[in-house]
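Everything on this sheet refers to the single structure shown next.
The values are calculated or read from the model by the stated rules, or taken from the named source; none is laboratory data. For clarity, every value in this text was computed on a predicted model and none was experimentally measured. In this analysis, Cβ positions are derived from the backbone assuming ideal geometry, glycine residues included, and neighbour counts consider all displayed protein chains. The accessibility values were calculated without ligands, DNA or RNA, using every heavy atom of the protein model including side chains. Shrake-Rupley method; radii C 1.70, N 1.55, O 1.52, S 1.80 Å.
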Amino acid sequence: MKDTSKHDERIAKMLFASVYPHYVTKVEKKGRTKEELHQVIEWLTAYNEETLQELLEARVTFETFFEKATLNPNAHLVKGVICGYRVEEIENSLTQQVRYLDKLVDELARGRKMEKILREP
């Protein structure tokens, strides 16, 4: 297996606020809404609108973003390939959590139904 420690460290130090606008652009280009994006983020992290805005304004790193989050107990059901890696096989827990979010945003942009994205029965 490849040594991904430098990659993991880079992800940890990346600012959530620097990536968030790209998430918004990606979903809106595909006809989805910012509100749907926030719904996906809330499902994964338990952050409501107010907390999400505070974290964006505070310009927290992904490390801090996920340290403060309460990860959804069904997050492990997020599977598939994102950025060339199988999400379920990523060993670094922070990198895996960031990739969970990337995968959910990707599914939203691809037009997947919300109940499937949110892993509801």
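Considered as a group, the residues in the stretch 1-32 that are outside any helix (DSSP H, G or I) and within 25 Å of LEU108 (Cβ to Cβ) include one that is most open to solvent (accessible area, probe 1.4 Å), and that residue is LYS30.
Scanning the stretch 33-44 for residues that are in a helix (DSSP H, G or I) and without any contact (Cβ under 8 Å) to a residue 40 or more places away in the chain, we see that the one that is least open to solvent (accessible area, probe 1.4 Å) is HIS38. The set of residues in the stretch 53-109 that are in a helix (DSSP H, G or I), open to solvent by less than 20 Å² (accessible area, probe 1.4 Å) and of a type in the set (A, V, I, L, M) comprises LEU55, ALA75, VAL87, VAL98, LEU101, LEU104, VAL105, LEU108, ALA109.
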